[in-house]
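Values in this text are rule-based calculations from the coordinates and carry no lab data. These numbers were taken from a predicted model, which means no experiment stands behind them. Cβ atoms come from the backbone with ideal geometry, glycine included; neighbour counts cover every protein chain shown.
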């Protein structure tokens, strides 16, 4: 606490009358609380809870998610001739999913805006971008041929993919695709698939 001489000097320097009581600021400011230091013996969970890799790629890197197009078959326009494809699994893929809502908008004369009538959800739009790799100096012709056989199939294709299946997507129809050449990239083939989700429909036949 400030001494009496300090208080008297303060009164003289600032011409503070004796009627004003001067209280040392130290008595008004509470002491800062001390922060307890960490004590040894705390139990910190050291368990590794990260997702486990599915397997290692050809380069030895962990693969956490892939996509498998299940095998399928279909009849061609030639009687007695059937074609089949798959299964095909791709590791190096990036998938984008979008979905629109089906909404009917009705304009009413004399009113701003429109009246919205919610109908339901539209199909999922799924974009799949991937790459097929071959040995150095070798074009992956067999992988490209197998992919093309699947793309030519005029049927819905079942897919096994953690990302898609978690969204309720288990079957896709390929709407369009792109196979692009890259300058200086002979030993690999990029592909882009534009797909639409499909939900199998069951028909119940009565009175048979």
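Let me have the relative contact order for the chain, percent, based on Cα pairs under 8 Å that are six or more residues apart.
On the way: 293 pairs, mean separation 34.2, N = 208.
The normalised contact order for the chain reaches 16 percent.
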Rounded to the nearest Å, the spacing of the alpha-carbon centers of segment 100-127 and segment 73-89 is 39 Å
Least to most buried among 83, 116, by other C-beta atoms within 10 Å and fewest first, runs 116, 83
For the ranges 104-114, 152-162, what's the packing order if you count other beta-carbon atoms within 10 Å of each residue, average per peptide, and put the highest first? 152-162, 104-114
Angle between the Cα long axis of helix 4-14 and the longest principal axis of the chain, 0 to 90 degrees, nearest 10? 80 degrees
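Mean separation of Cα pairs under 8 Å and 6+ residues apart, divided by the residue count of segment 145-191: what relative contact order is that in percent? Walk me through the intermediate numbers first.
On the way: 29 pairs, mean separation 13.2, N = 47.
Relative contact order, segment 145-191: 28 percent.
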Could you put 122, 143 in order, starting from the residue whose Cβ has the fewest other Cβ atoms within 10 Å? 122, 143
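What are the semi-axes of the equivalent ellipsoid for segment 102-208, taken as the square roots of 5 times the Cα gyration tensor eigenvalues, largest first, in whole Å? Walk me through the intermediate numbers first.
On the way: eigenvalues 310, 101, 27 Å².
Those come to 39, 23, 12 Å.
Show that you can apply the helix-only estimate: for the chain, add -39,500 (n - 2.57) for every DSSP H stretch of four or more residues, divide by all residues, and state [θ] at 222 nm to the nearest 500.
Roughly -3500 deg cm²/dmol at 222 nm, from the helical runs in the chain.
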Taking Cα atoms, the helix 141-151 axis meets the longest principal axis of the chain at an angle in degrees (rounded to 10) of 90 degrees
Compute a Gaussian network model of the chain, connecting alpha carbons closer than 10 Å, and tell me which residue from 21, 144, 81 fluctuates the most. 21
Rank 119, 16, 128 by mean-square fluctuation in a GNM of the chain with C-alpha springs under 10 angstrom and give only the top-ranked residue. 16
